[in-house]
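The values are calculated or read from the model by the stated rules, or taken from the named source; none is laboratory data. Being a predicted model, the structure only gives us computed values, none of them experimental. Please note that ligands, DNA and RNA were not included when accessible areas were found on the heavy atoms of the full protein model with its side chains. Shrake-Rupley method; radii C 1.70, N 1.55, O 1.52, S 1.80 Å.
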Amino acid sequence: MKNESSGTLPPASSPITTIIVEDDVSVRPLLAEWIQETAGFTLLGQYADAESALPAIMKHKPEIVLTDINLPGLSGIGLVRQGKLGLTNTQFVMLTIYEDSNHIFEALSAGATGYLSKRTPREALITALREVNAGGSPMSSSIARKVVQSFQRKTAKAEAIEELSKRENEVLELLAQGHTYKHIADAMNVGMATVSTYTRRIYEKLQVNSRGQAVAIYADLAEKKKTR
């Protein structure tokens, strides 16, 4: 685990109860050692899979569960989702090799409080767990950057859709409804070549290469409008 600069927080007044869920036999004992040797923490248990960890988590109600995503059987995200149903005060922190936006948002949506790279060094990890206990939501710098970039891309796509002309919006809506080019041409009383031109302009403005990508952006923004 490589070195990263990190601020420090004072130890909590009472020990921070922690459970580790990690299937990697080389990583799990290392994490356990870090927790056990740090003042202000109490390790309640360490488990290799979510199925064996979940009963202990529900019983002991630790303040923090440090879990990997890629677990055998029930995933770490599934563990968070199930744990959060009954334990509102337990904070789940993901420790993982995955730094893509899909995994990040899925974990955060499930109820994870923090998301840390497995490259996080000891001092930074301990500081992050203290931040979680104090009400924070720490992320490794590389992961936080990806979250920001993802939001920026979503904002850019939303702005691009707003730049579509009325006719381009009509074509995109009909594409999203599953209509063929011929049906769209008939519905709009234009030729197939015109529909192709509109579609090409839509792709260019949305910076996509396929109908599926364009429709996915349209559907995502339409769903957001419904929930506002």
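Decide, for the stretch 43-140, between rounded, prolate and oblate: order the square roots of the alpha carbon gyration tensor eigenvalues as a ≥ b ≥ c, take rounded if a/c falls under 1.5, and otherwise choose prolate if a/b is larger than b/c, else oblate. Before the final figure, lay out the partial values.
Working: a/c = 1.41, a/b = 1.16, b/c = 1.21.
Verdict is rounded for the stretch 43-140.
Taking a 1.4 Å probe, which of His103, His183 shows the most accessible area, and what order do the others take after it?
Numbers: His103 50, His183 105 Å².
Greatest to least solvent exposure: His183, His103.
Sort Glu168, Glu204, Glu162 by heavy-atom solvent-accessible area, probe 1.4 angstrom, most to least.
Details: Glu168 5, Glu204 120, Glu162 150 Å².
Most to least solvent-accessible, the answer reads Glu162, Glu204, Glu168.
Within the full protein context, the accessible area of Tyr218 is estimated at about 60 Å² for a probe radius of 1.4 Å.
Over the stretch 39-108, average the accessible area per residue using a 1.4 Å probe and give it in Å², no decimals.
Values: 3050 Å² over 70 residues.
Normalised by residue count, the accessible surface of the stretch 39-108 is 44 Å².
Measuring nothing but protein heavy atoms, the accessible surface of the stretch 28-138 at 1.4 Å probe radius is 50 percent carbon and sulfur.
Using a 1.4 angstrom probe with every protein chain in place, what is the largest-first accessible-area order of Thr194, Thr120?
The residues order as Thr194, Thr120, largest area first.
The value of relative contact order for the stretch 51-145, using C-alpha pairs under 8 Å at least six residues apart, is 26 percent. If you take the square roots of the eigenvalues of the alpha-carbon gyration tensor of the stretch 11-75 and sort them as a ≥ b ≥ c, do you get rounded (a/c under 1.5), prolate (a/b over b/c) or oblate? The shape class here is oblate. Rounded, prolate or oblate, given the Cα gyration tensor of the stretch 39-85, with a/c below 1.5 counting as rounded? Prolate is the answer for the stretch 39-85, as a/c is 1.5 or above and a/b outweighs b/c.
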